[in-house]
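First comes the structure, then the notes that go with it.
The values are calculated or read from the model by the stated rules, or taken from the named source; none is laboratory data. These figures come from a predicted structure and were not determined experimentally. We place every Cβ from the backbone using ideal geometry, glycine too, and count neighbours over all the protein chains shown.
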């Protein structure tokens, strides 16, 4: 009678598990995508992910500048992460079903309970979240700022003003506040000056920025 048992090399199994974990976490592959790629059932993939041992982080109370965001891997499964780029470490990780203001509130409470003092934070600009951190400096993530501009301009703006603004936006991550403001003011002045010349009206900077 033939034996139906199957044996698998331990090191090979670990390599597969590590590959699945890397694809799931860093490449944001879904359970369905991993199931198709590795030719395994969804439950098998879920078991591999659950069985990956997590490392315990030692937390040293200190002042930090943090980045907070929520990433979704499906409609109702997301991970809220608050990370310190200077420490190169995730300080807070929590599973969520929705990205709400309370998710960020609980994250801040947890950090302060661990002894961290938030000096400043970078957010994605979600309405209401800024109020959770109203007592410290808040900056909108450069990536999300660029995404907002692209939403209005599209990836291939046709008008000259849009093309120039797109160029200025690409420098956002590698410029200073002063240089970016100067470049933006020059563009606004140029566009409004030509427009008001056409309408024979004097240039007004406040009207240019807040029409």
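Determine whether the range 173-183 contains at least one residue that is in contact with a helix residue (DSSP H, G or I) (Cβ under 6 Å, 6 or more places away or on another chain), assigned to a helix (DSSP H, G or I) and modelled with pLDDT of 80 or more.
First pass over the range 173-183, keeping only residues in contact with a helix residue (DSSP H, G or I) (Cβ under 6 Å, 6 or more places away or on another chain): 173, 183.
Add one more test, that the residue is assigned to a helix (DSSP H, G or I), and what stays is 173, 183.
The next check asks that each one be modelled with pLDDT of 80 or more; those that pass are 183.
Yes, the conditions are met somewhere in the range 173-183.
So, in the range 127-159, exactly how many residues are within 23 Å of residue 171 (Cα to Cα) and either surrounded by 15 or more Cβ atoms within 10 Å (Cβ to Cβ) or out of contact with any strand residue (DSSP E or B) (no Cβ under 8 Å at 6 or more places or on another chain) (or both)? Steps first, answer last, please.
At the first step, the residues of the range 127-159 found to be within 23 Å of residue 171 (Cα to Cα) are 137-159.
Remaining after also requiring either surrounded by 15 or more Cβ atoms within 10 Å (Cβ to Cβ) or out of contact with any strand residue (DSSP E or B) (no Cβ under 8 Å at 6 or more places or on another chain) (or both): 138, 141-159.
Of the residues in the range 127-159, 20 are within 23 Å of residue 171 (Cα to Cα) and either surrounded by 15 or more Cβ atoms within 10 Å (Cβ to Cβ) or out of contact with any strand residue (DSSP E or B) (no Cβ under 8 Å at 6 or more places or on another chain) (or both).
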Mind checking which pairs have a first residue in the range 150-176 that is under 19 Å from residue 189 (Cα atoms) and a second that is assigned to a loop (DSSP other than H, G, I, E, B) and modelled with pLDDT of 80 or more, Cβ under 7 Å, 6 or more apart or different chains? 163/157; 166/157
Is it the case that some residue within the range 100-112 is within 23 Å of residue 139 (Cα to Cα) and touching a residue at least 40 places away in the same chain (Cβ under 8 Å)? yes
From the options 45, 16, residue that is touching a helix residue (DSSP H, G or I) at 6+ places or on another chain (Cβ under 9 Å), more than 30 Å from residue 107 (Cβ to Cβ), outside any loop (DSSP other than H, G, I, E, B) and at pLDDT below 90: 16
Is at least one residue of the range 30-42 at pLDDT below 90 and closer than 21 Å to residue 114 by Cβ? no
